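Working notes for the structure below.
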Ligand SMILES: [Zn+2]
């Protein structure tokens, strides 16, 4: 079995999987190199590709992280304004993968 890097928390707001339609893509995003507009896949779809095709994709970690990393700097008071609802929230449901 191939061991993949653990899927990072977070998502790619505004980036949709061009195969399954997952929007936003959660975890790793795989972007077809040189595609414009970008052609993107979620990890589930990327894993279905033959190795020859995988080589054409760029693996991108999610820019929108869960609030975890910020919670670690708990020295200061939390923001008075409620945080924007996580852009990843609605995608955390078990998607119809595949
Ligand atoms: Zn997908």
Legend entry - Solvent-free Debye scattering, log10 I(q)/I(0), computed from the Cα coordinates of the range 1-62 at q = 0.23, 0.24 Å⁻¹: -0.94, -1.02
Legend entry - Burial ordering of 19, 31, fewest other beta-carbon atoms within 10 Å first: 19, 31
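Computed from the coordinates by the stated procedures, all read-outs in this text should not be read as laboratory data. Note that this is a predicted model, so its numbers are computed, not measured. Note that we place each Cβ from the backbone using ideal geometry, even for glycine, and neighbour counts take in every protein chain shown.
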